[in-house]
Structures are given as C-alpha cells and as structure tokens.
C-alpha cells in the first residue's frame, strides 16, 4: 500500500526551506502544510529568458522564488528597457498585485533557469473569518511581506534620486554586503545590467569602480566584489522584521 505524499513532497520542497521565507516565518510544519493547502500552492519551472509576466498583465498569485534569478524591466515611452529590480532565491513576487489587484508595471523575465512556487492568496483574503492557526499566521506574514515590498520600493526611489554614480554604487554594494553577510560577494548582474539597474552610464560606472578600487575601497573581478573597509560603505537601516 502506497503512503500518501505530504504537501511538501508533492511540491518538491523542504519545510525548512520555506520557513526561511517571510511568508512562512515562525510557522510549525502543520501550519505550513495547512497554509499551502489553503492557497492552492503550485510549482512551476521556467527556462532562461522565459517571460513569466508581461507589463500590464494581471498577476493574481504571489510567488516565492526557489531557485534562479528574475529580472523586472519596464519600457519607457521611447521603447528603452529599464531594469527595475532583480530577485533571487527566497525573494517573493507579486504581493502588491495579488493583494491590491494591480496590474504589473514591469515585465518579469527569468535571467536564468528558475523554479517558483505560486500561491492564490485571495482565497484567504476573501474569507469572512479565519480560524485555522496556519492560515492566520500566513496572512499575518503576508502583511509583513507587503510592508517589506513597499519599503523596498521606497528605497529604490531614494536611490534613483541620488546625484552621483558613486553614491548609487555605494548604496547597491552596501546592500549586497548586508545581504551576503560578508565583505566578499557575487552580484547577480553583469556590468550592463548593473548600469541599467542604477540608471547610470556604463562607461561612467566602470570608471567610478576603477577609482574606488584605486582608492583602496574595494576589489572586483567581473561580478565578484570584495569590500576593503571596516564598516559598510553606507549606513544600512536594519529591517525590524528580519531575524
């Protein structure tokens, strides 16, 4: 007699892996399974350069990136494609769209082969009353995820109005330092993508990186960086919801 598979086995994920994501933080195994069932969790894989969502499309599900990197781009009136964000394993996508009913304002493309988990959160949000502990905890965590995404967008706006190329590089590298927890890290962008993401000219950015290297602030080789400073280059505001 075959043993019935658990929800995580059907999805091909480990519960501990999910627990590292904000959506399942501080949840027991049974609470996670209950939440996954309630939001009709499904897994989908995408090849490199596959388009996951187009600018202007509705997005009714929240997604968790299990592996790979995604690029979010937006085309301006002149047809120029601007890199708005880069997401990787553990990041979530679509919170504002699924919760608020907003259409996408960017095109989502797999920068590498990627695996995602999708959740129909509207089924919980429309419920008149939630009594299941796992579902209640999931909705609470979803609220935090929406707040984090709003904070991320605010930070992106602040970065975009910084005047100099160096300031933008400093902020980006400082954020990568904190994310990696090490002065040595690999960024998920090549030089052109980094310039697009920072809204700067590639040549000017490369020149500034060389100046920072010559000043003893950092070392770099392709996408690998090492910060040669005792403290982060710029101040970093810790997320009160990060463990």
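The values are calculated or read from the model by the stated rules, or taken from the named source; none is laboratory data. Here the structure is a predicted model, which is why all the values come from computation and not from measurement. Cβ atoms come from the backbone with ideal geometry, glycine included; neighbour counts cover every protein chain shown.
Within the range 201-213, which residues are surrounded by fewer than 18 Cβ atoms within 10 Å (Cβ to Cβ) and within 20 Å of residue 83 (Cα to Cα)?
Across the range 201-213, the qualifying residues are 201, 202, 203, 204, 206.
Between residues in the range 122-138 that are surrounded by 15 or more Cβ atoms within 10 Å (Cβ to Cβ) and residues that are part of a loop (DSSP other than H, G, I, E, B) and at pLDDT below 90, which pairs lie under 6 Å by C-beta distance while being six or more apart or on different chains?
136/130
Counting only residues that are under 9 Å from residue 137 (Cα atoms) and part of a loop (DSSP other than H, G, I, E, B), how many does the range 10-27 have?
3
Restricting attention to the range 56-70, does a residue exist that is over 24 Å from residue 199 (Cβ atoms), touching a helix residue (DSSP H, G or I) at 6+ places or on another chain (Cβ under 6 Å) and in a strand (DSSP E or B)?
yes
Here is a check on your reading of the model: is residue 78 at pLDDT 95 or above, loosely packed, with under 15 Cβ neighbours inside 10 Å and not assigned by TED's automatic domain parsing to the domain that holds residue 179?
Taking the combined requirement at face value, the residue does not satisfy it.
Taking the range 156-200 only, how many residues are loosely packed, with under 15 Cβ neighbours inside 10 Å, within 11 Å of residue 225 (Cβ to Cβ) and free of Cβ contacts under 8 Å to residues at least 40 places away in the same chain?
Of the residues in the range 156-200, 3 are loosely packed, with under 15 Cβ neighbours inside 10 Å, within 11 Å of residue 225 (Cβ to Cβ) and free of Cβ contacts under 8 Å to residues at least 40 places away in the same chain.
Which of the residues belonging to the range 88-108 are buried (at least 20 other Cβ atoms within 10 Å of the Cβ) and part of a strand (DSSP E or B)?
Scanning the range 88-108 gives 92, 93, 108.
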